[in-house]
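The values are calculated or read from the model by the stated rules, or taken from the named source; none is laboratory data. Because the structure is predicted, anything quoted here is derived from the model rather than measured. Every residue, glycine among them, receives a Cβ derived from its backbone with ideal geometry; neighbour counts consider all protein chains shown. We work out accessible area using only protein heavy atoms, side chains counted, and drop any ligands, DNA or RNA first. Shrake-Rupley method; radii C 1.70, N 1.55, O 1.52, S 1.80 Å.
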Amino acid sequence: LSPQGKMPQTPPFAAMFDSSSYNRNLYQAEEDNCGGLYYHDNNLLSGSLEALIQHLVPNVDYYPDRTYIFTFLLSSRLFVHPYELMAKVCHLCIEQQRLSEPGLDKNWNQKIAPKILQLLTEWTETFPYDFRDERMMRNLRELAQRIASGDETYWKNVQQLLQNLIRKLAAVTQYEEVLAKIDATTSTDRLTLLKTKPQSIQRDIITVCNDPYVLAQQLTHIELERLNYIGPEEFIQAFVQKDPLNNDKSCYGDQKKTRNLEAYVEWFNRLSYLVATEICMPVKKKHRARVIEYFIDVARECFNIGNFNSLMAIISGMNMSPVSRLKKTWAKVKTAKFDILEHQMDPSSNFYNYRTALRGATQRSLTAHSNREKIVIPFFSLLIKDIYFLNEGCANRLPNGHVNFEKFWELAKQVSEFMTWKQVECPFERDWKILQYLLSVPVFSDD
């Protein structure tokens, strides 16, 4: 940004919500109650929606803390549609400019413009999918125009911001088209193929990739790509209900803008069915046993990489009844390794073993020097379940109509951890032949 307006440095996501300090130094020591916001020990606990929106908008000597921006943008959508929030933010910024004394317009531009630009940057980088809405884009352009018209120095920054955003939105559109293509090809059941073109199914997973280590790496590619496209807001939108203060409309009257979260859950199910299919395909017991042992090795490599989602999908594929009832096949398998993995993913005590392993992987990724050690891919449906229960467990509003901000700190803490994980670049080389097979080979249905 231009030298006049030095912006607060933004720490990485992991550091942002360090539980001991994540909201200790957010606020200047204000009185417990100020303008519709309620604090205790310097922590913002609740506030009216209006006061919270005001708290988001920078002024001459104030810029909201980054954790506040993330938490509020993430959770406010339970009460107000992002485009309405954007409109209010625009309105407040313009009001400020109008109220600054005549002739101080220059002052406004130097002091506030870079801060508003910074706020818009954080919004567009962290919640780009909000801007798949024409109304959002209009407001963004209008505000950006206003900043840039006052001072040439900001023109480049504004262009950069818009270009980055448009690039992100184009990428997600392309990703959705690829997913749609894949869905269209995989909808055939493998059985139909066996009957119509038996020769087309000569290949099996071990012919395509005989090295379990390489397969685990390719699975990690798919996982990280799918994880990366999920917007943090998709967790919250998954449980938007009606706002109690406004019974007639849910905040998401119009349809959701993305399905990346659902697409990721579908991938998990596909991988489970693929594993079960590969095991049940061979006619001979010893071949089936070989495929089981192969997948046990793949799962173990996934565990070592930190890819818990593929690991869990493989285990659940092996636990499907068509596979687990193959008693004679399993008799030929060396199951010691499988028992260790199952123990890691044992659901008892609310997945205690897995959560311990996940914490270990998270610690490792924080001190990692290479992308290889940074990888943490959580068992995704459990992450969704945790966030869902956190949401169900507390009210969004307090009896006095205030927004229950304490709850939203907790939600933001869980989602911000996911934000750190989704930003990791996959360090392994892509093998298109294997990826193609994993994503598009038909699998058996339940029957």
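The table that follows gives values for the structure above.
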item	result
Ratio Rg/Rh, restricted to region 36-166 and using Cα atoms, in which Rh is the Kirkwood radius	0.96
Two-site FRET efficiency, Ser324 against Arg167, from Cβ-Cβ distance with R₀ of 51 Å, rounded to 0.05	0.65
Extension reserve of the Lys156-Asn42 stretch, reckoned as 0.36 nm per residue once the Cα distance is removed	37.3 nm
Proximal aspartates and glutamates relative to Lys156, as straight alpha-carbon distance under 13 Å, when same-chain residues fewer than 8 apart are discounted	none
Sorted peptide list for 314-323, 291-300, criterion being average Cβ within 10 angstrom, highest first	291-300, 314-323
Heavy-atom accessible surface of region 376-447: percent carbon and sulfur, 1.4 Å	50
Simple spin-label estimate for Leu435 and Asp133 in nanometres, 7 Å along Cα-Cβ	3.3
Distance (nanometres) between label positions extended 7 Å along Cα→Cβ at Asp339 and Glu142	6.8
